Ligand code: HEC
């Protein structure tokens, strides 16, 4: 498969509504973390426009508050809410992934 075909396959995947998949799709969410979250929080989530999302930076933050921030965003700050785009399972997966830390590629 050519690289360009792979790119459009990924683009199609990103358009599948979150509710269509009951089980969080790890590959899709990893891609989202890098491409979407990474646009503001840095490619390695070490900070950019948004604060770092490393386990060190998030230490002491309750899982529920991370889930609330990702779901609703921070109104009047640059952090968008992802509730309309992702399922609750996806958002919980992302919060857990951030708390665990991502291996550096
Ligand atoms: C348009 C830029 C932008 C995007 C895209 C974005 N964020 Fe944020 N995010 C921010 C900013 C800015 C803040 C800090 C808000 C504040 O000052 O309270 C933030 C805060 C957060 C926090 C709270 C961090 C803390 O220390 O309290 C979490 C968790 C978070 N973002 C997760 C995510 C996740 C997961 C994604 C992708 C699904 C994402 N963000 C996408 C800009 C963004």
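The values are calculated or read from the model by the stated rules, or taken from the named source; none is laboratory data. Everything numeric here is computed off the predicted structure, so don't read it as measured data. Virtual Cβ from ideal backbone geometry, glycine too; neighbours counted across all protein chains shown.
Table: residues versus (1) modelled with pLDDT of 95 or more; (2) in contact with a helix residue (DSSP H, G or I) (Cβ under 7 Å, 6 or more places away or on another chain); (3) under 20 Å from residue 93 (Cβ atoms).
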residue: 2; (1), (2), (3): no, no, no
residue: 5; (1), (2), (3): no, no, no
residue: 8; (1), (2), (3): no, no, no
residue: 15; (1), (2), (3): no, no, yes
residue: 25; (1), (2), (3): no, no, yes
residue: 38; (1), (2), (3): yes, no, yes
residue: 53; (1), (2), (3): yes, yes, yes
residue: 62; (1), (2), (3): yes, no, yes
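So, in region 39-51, how many residues would count as being near the ligand (Cβ under 6 Å from one of its atoms), surrounded by 13 or more Cβ atoms within 10 Å (Cβ to Cβ) and part of a loop (DSSP other than H, G, I, E, B)? Please lay out each step first, then the result.
Initial filter on region 39-51 (near the ligand (Cβ under 6 Å from one of its atoms)): 39-41, 49-51.
Add one more test, that the residue is surrounded by 13 or more Cβ atoms within 10 Å (Cβ to Cβ), and what stays is 40-41, 50-51.
Of the ones still in play, those that are also part of a loop (DSSP other than H, G, I, E, B) are 50-51.
Of the residues in that region, 2 qualify.
Could you please find all residues in region 75-96 being modelled with pLDDT under 95 and more than 13 Å from residue 37 (Cα to Cα)?
Restricting attention to region 75-96, the residues satisfying the condition of being modelled with pLDDT under 95 are 75-78.
Of everything in region 75-96, those that are modelled with pLDDT under 95 and more than 13 Å from residue 37 (Cα to Cα) turn out to be 75, 76, 77.
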(message) Let me spell it out: the conditions are (1) farther than 16 Å from residue 29 by Cα; (2) near the ligand (Cβ under 9 Å from one of its atoms), and residue 75 meets all of them except one. Which number is the exception?
(response) (2)
(request) Confirm whether residue 28 is more than 6 Å from the ligand (Cβ to nearest atom), within 15 Å of residue 96 (Cβ to Cβ) and touching a residue at least 12 places away in the same chain (Cβ under 8 Å). (result) no
(message) Given (1) within 11 Å of the ligand (Cβ to nearest atom); (2) at pLDDT below 95; (3) within 19 Å of residue 38 (Cβ to Cβ), identify the lone condition not met by residue 99.
(response) (2)
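Taking the residues in region 52-83 that are part of a loop (DSSP other than H, G, I, E, B) and closer than 17 Å to residue 100 by Cα as candidates, determine which candidate is farthest from the chain's Cα centre (by Cα).
So in region 52-83, the residues part of a loop (DSSP other than H, G, I, E, B) come out as 52-54, 59-62, 73-83.
With the extra rule that they be closer than 17 Å to residue 100 by Cα, the set shrinks to 52-54, 59-62.
Values: 52: 13, 53: 10, 54: 13, 59: 18, 60: 20, 61: 17, 62: 17 Å.
That would be 60.
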(message) So in region 84-96, with the set limited to residues that are near the ligand (Cβ under 9 Å from one of its atoms) and outside any helix (DSSP H, G or I), which one is farthest from residue 27 (Cα to Cα)?
(response) 85
